[in-house]
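Report on the following structure.
The values are calculated or read from the model by the stated rules, or taken from the named source; none is laboratory data. This one's a predicted model, so the numbers in the text were calculated from it and none came from an experiment. Here the Cβ is made from the backbone with ideal geometry for all residues, glycine too, and neighbour counts use every protein chain on show. Keep in mind that these areas ignore ligands, DNA and RNA; they rest on the heavy atoms of the full protein, side chains included. Shrake-Rupley method; radii C 1.70, N 1.55, O 1.52, S 1.80 Å.
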Amino acid sequence: MEGTPSLDSMETVVLSFGSNYGNRRENVEKALAWVDSILTETMKSGVYETPEVHGFGASYYNAVACGKSSVGCDELNALLKEYEKACGRNEESRRRKEVPIDIDIVMWGDKIVRPVDFSRDFFQIGLRQIKPVL
């Protein structure tokens with residue numbers, strides 16, 4: 001089909017999802033469902049709970065997804081941030097450390113673009129669930 005990128009031209013991306021506010025599990029589940037609209041060949045971990053990384057504050061529900069992106073890293077990141085805003089992530093929620101949803105690109109192709117997140121349990125738990133097929 002003309003205008004549709006071939007799978008060879010698409011980049012593999014691994015995303016991290018987290019929520020510590022509202023219906024945390026539902027927030028992550030909805031974001032995982034939404035990501036199917038922007039990635040192809042998605043693989044998703046289950047949704048699981050982890051403590052806040054600094055040891056205080058509300059625990060998070062997390063997940064990891066991997067898929068193919070037909071857009072560049074910056075454009076994909078912009079789409080993720082638009083989704084976060086649509087779900088209520090804004091300066092006020094950041095100030096209160098309330099995270100309705102956070103979606104970050106942790107791996108782009110063979111590169112780890114967020115090494116701190118890559119090393120954290122909240123990412124590694126989900127990555128281990130989908131890694132055998134990566």
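Brief remarks on what is shown
- Residue count, segment 69-88 (criterion: open to solvent by 50 Å² or more (accessible area, probe 1.4 Å) and more than 14 Å from ARG24 (Cβ to Cβ)): 9
- Residue ID - modelled with the highest pLDDT, chosen from residues in segment 89-119 that are farther than 23 Å from TRP34 by Cβ and basic (Lys, Arg): LYS111
- Test: residue in segment 98-116 that is under 15 Å from the mean Cα position of the chain (by Cα) and part of a helix (DSSP H, G or I): yes
- Scanning segment 89-122 for residues that are within 17 Å of ASN27 (Cα to Cα) and touching a residue at least 60 places away in the same chain (Cβ under 8 Å) yields SER93, LYS97, GLU98, VAL99, PRO100, ILE101, ASP102, ILE103, ASP104, PHE122.
- Flag not set for SER19, criterion: small (Gly, Ala, Ser) and either at pLDDT below 95 or loosely packed, with under 14 Cβ neighbours inside 10 Å (or both).
- Scanning segment 31-57 for residues that are open to solvent by 30 Å² or more (accessible area, probe 1.4 Å), touching a residue at least 40 places away in the same chain (Cβ under 8 Å) and out of contact with any Lys or Arg (no Cβ under 8 Å at 6 or more places or on another chain) yields a total of 5.
- Candidates PHE122, PHE118, filtered to the one that is buried (at least 17 other Cβ atoms within 10 Å of the Cβ) and among the hydrophobic types (A, V, I, L, M, F, W, C): PHE122
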